[in-house]
Amino acid sequence: MNNQVVRCDDCGRSTKMALQVRKYGQGMQETYFECEHCTKKYTCYVTDERARKLQKKLRNEKNPVIKFQLQAKLQERMIKLKRELMDSV
Ligand SMILES: [Zn+2]
């Protein structure tokens, strides 16, 4: 997967972005990674059924205008889901 190296905001050291997926109720999935030094968790994005459907549509869509609209919709959805998840923990 993605082995990008990022700097942890918490401890200031470099850590690999080893992405992991955690599942929640109602088909919600969180993609995240943890700092390998201080185990601080960073949420990359959160999806649910609807968001994944949008992702799929987006991959198959050829029209750039529609693609752009789908992208915006997906972004909005994922921001909302992330906020909901953050509030619930
Ligand atoms: Zn850290």
- Roughly how tilted is helix 49-60, in degrees to the nearest 10 and between 0 and 90, from the longest Cα axis of the chain? 70 degrees
- Item | Choice from Lys62, Lys16, Lys40 showing the highest fluctuation, given a GNM over the chain with Cα pairs closer than 10 Å | Lys62
- Task: Using Cα positions and a limit of under 17 Å, work out the aspartates and glutamates in reach of Lys57, with same-chain residues fewer than 8 apart set aside.
- Result: Asp48, Glu49, Glu76
- GNM result for the chain, Cα springs below 10 Å: residue of Val46, Val21, Val65 fluctuating most strongly: Val65
- Message: Compute the helix-to-body angle for 64-88: its Cα long axis versus the longest principal axis of the chain, expressed 0 to 90° and rounded to tens.
- Response: 40 degrees
- Task: Please report, in debye to the nearest 20, how large the charge dipole of region 37-86 is about its Cα centre when each Lys and Arg carries +1 at its beta carbon and each Asp and Glu carries -1 there.
- Result: 100 debye
- Message: To the nearest 20 Debye, how big is the dipole of the chain about its Cα centre, given +1 on the beta carbon of each Lys and Arg and -1 on that of each Asp and Glu?
- Response: 460 debye
- Lys and Arg at +1, Asp and Glu at -1: neighbours of Gln20 with Cβ under 14 Å from its Cβ sum to +2
- Task: Go ahead and collect, in residue order, the members of region 1-30 whose backbone nitrogen is under 19 Å from a label point 7 Å along the Cα-Cβ direction of Tyr42.
- Result: 1-22, 30
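Please sort by residue number the chymotrypsin sites (Phe, Trp or Tyr not before Pro) in region 1-75 whose DSSP state is loop and whose Cβ has at most 15 other Cβ atoms within 10 Å. Before the final figure, lay out each step's value.
On the way: sites: Tyr24, Tyr32, Phe33, Tyr42, Tyr45, Phe68; in loops: Tyr24.
Those that pass, being in a loop and sparsely packed, are Tyr24.
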- Task: Distance check, please: which entries in Lys16/Lys62; Lys23/Lys67; Lys56/Lys80; Lys23/Lys62 exceed 29 angstrom between their Cα atoms?
- Result: Lys16/Lys62; Lys23/Lys62
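Here, each number is a calculation from the coordinates, and none is a lab measurement. Note that the coordinates shown come from a computational prediction; the quantities given were computed from them, not determined experimentally. Virtual Cβ from ideal backbone geometry, glycine too; neighbours counted across all protein chains shown.
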